[in-house]
1. Report yes if residue B:143 is at pLDDT below 95 and at negative phi, otherwise no.
2. Please count how many residues of segment A:9-31 are within 17 Å of residue A:91 (Cα to Cα), surrounded by fewer than 12 Cβ atoms within 10 Å (Cβ to Cβ) and within 14 Å of chain B (Cβ to nearest Cβ).
3. Select from segment A:134-146 the residues that are within 12 Å of chain B (Cβ to nearest Cβ) and surrounded by fewer than 16 Cβ atoms within 10 Å (Cβ to Cβ) and list them in ascending order.
4. When residues of segment B:9-39 are filtered for being in contact (Cβ under 8 Å) with a residue 12 or more places away in the chain, in a helix (DSSP H, G or I) and either within 14 Å of another protein chain (Cβ to nearest Cβ) or under 17 Å from the mean Cα position of the chain (by Cα) (or both), how many remain?
5. Anything in segment A:81-116 that is without any contact (Cβ under 8 Å) to a residue 40 or more places away in the chain and in contact with a helix residue (DSSP H, G or I) (Cβ under 9 Å, 6 or more places away or on another chain)? List them, or say none.
6. Taking the stated definitions as given, is residue A:37 surrounded by fewer than 17 Cβ atoms within 10 Å (Cβ to Cβ), touching a helix residue (DSSP H, G or I) at 6+ places or on another chain (Cβ under 8 Å) and more than 14 Å from every other protein chain (Cβ to nearest Cβ)?
7. Does segment A:107-126 hold any residues that are more than 11 Å from chain B (Cβ to nearest Cβ) and either under 19 Å from residue A:60 (Cβ atoms) or assigned to a helix (DSSP H, G or I) (or both), and which are they?
8. Which members of segment A:75-101 meet the condition of being more than 14 Å from every other protein chain (Cβ to nearest Cβ), buried (at least 24 other Cβ atoms within 10 Å of the Cβ), over 15 Å from residue A:141 (Cα atoms) and touching a strand residue (DSSP E or B) at 6+ places or on another chain (Cβ under 8 Å)?
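The values are calculated or read from the model by the stated rules, or taken from the named source; none is laboratory data. Just so we're clear, the structure is a prediction, and the values are computed from it rather than from any experiment. Note that each Cβ is placed from the backbone with ideal geometry, even for glycine, and that neighbours are counted across all protein chains shown.
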């Protein structure tokens, strides 16, 4: 099992036995832990096209590879705490892990957390597409640097 | 028009703060983002979710009558309860839930003007309490067809040259923008609009604080600038029927349109249908005015009463 999988499994197990409301409360804890953008990224936000245009609320993502290690820098509007929490959770799962492992993030995280049925089909698919967005970003950077 | 035609369907945050605990009142939050309710809600409010509670989880449709009755019983709503909806996103989903309650004939539905945004701006307190309403009894009638337009009805309506209002963004209306490849479930195979539909983006109906624009502003927007007629049968649509429920609410209750229906299938159905007419571009249909001919004298006719 890769270290990203281990981290993810640990996060998923935190959600496992909670009821729907508690799952959302835990997701809010993740949302609250997402750090604000540093000055550097605030500057980059102004000039780079980092907005995820598929999302109706403002979501800005920087999936990055530094010395072969992955990380995700993100800003999500406070009016979308579910998205913010999920992005924070992804960021925690891949932070400083080998990029090749981050590329393998599974698509069924929400189902395994039991959040898919709390959120419904459209929201689940919307969030799943963020996983795809992060993975593609990591792959692009990884390929560019190797 | 100086006032809304049915001002009683709108309540202020102050009214909600005063009446939320009344036994005959149930406050209902409906959001795009479900975690917002968990983060904080109007004290005593329950949450009804448009995807999980109001929609059938297998077929693309609303819960059936029995499902709706069960939902109301669970959330402490009786047939005579005053149900006040509010939510995020300028009350999109609140209007959607309101519309579903009207689909099942619930008599007294209202919207808290301005939704979560206005509650916040007014500095009112949020609660994180779990709300456990006492189970009620509820008996719903069959669906009220006068609020809902189904695809074949829309097709007939369109062929008859009747009024359609497309409330999506100008980019979606013109066909310039299809939904992104990452969102195949929210996309359509064809872009554009139903021929004859005027484009009045829903967002033009609300102020920055989430409240509805004044009667005068709404009248200018819909009846003067867009030439929709209060007494003409009108169908509103968007992508999945949510933004158009807000426009439906505005037309029916604030402007007093006597016959307006929401096409909840909307572009996610129409843009995927085989053989239905579609046009692209910024004009309703090839640049001609589809609504300018009929009922030119409408302006002098007082709006017909609507029984909410």
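1. Working: at pLDDT below 95: no; at negative phi: yes.
So residue B:143 does not fit the description; no.
2. Number of matching residues: 0.
3. Residues of segment A:134-146 that are within 12 Å of chain B (Cβ to nearest Cβ), as a first pass: A:134-136.
Scanning segment A:134-146 gives a single hit, A:136.
4. 4
5. The initial filter retains those residues of segment A:81-116 that are without any contact (Cβ under 8 Å) to a residue 40 or more places away in the chain, namely A:95-96, A:103, A:107-108, A:110-111, A:116.
Correct list: A:95, A:103, A:107, A:108, A:110, A:111, A:116.
6. Working: surrounded by fewer than 17 Cβ atoms within 10 Å (Cβ to Cβ): yes; touching a helix residue (DSSP H, G or I) at 6+ places or on another chain (Cβ under 8 Å): yes; more than 14 Å from every other protein chain (Cβ to nearest Cβ): yes.
Yes: the conditions hold for residue A:37.
7. First, the residues of segment A:107-126 that are more than 11 Å from chain B (Cβ to nearest Cβ): A:107-114.
Once the filter is applied, which keeps residues that are more than 11 Å from chain B (Cβ to nearest Cβ) and either under 19 Å from residue A:60 (Cβ atoms) or assigned to a helix (DSSP H, G or I) (or both), segment A:107-126 yields A:109, A:110, A:111, A:112, A:113.
8. A:90
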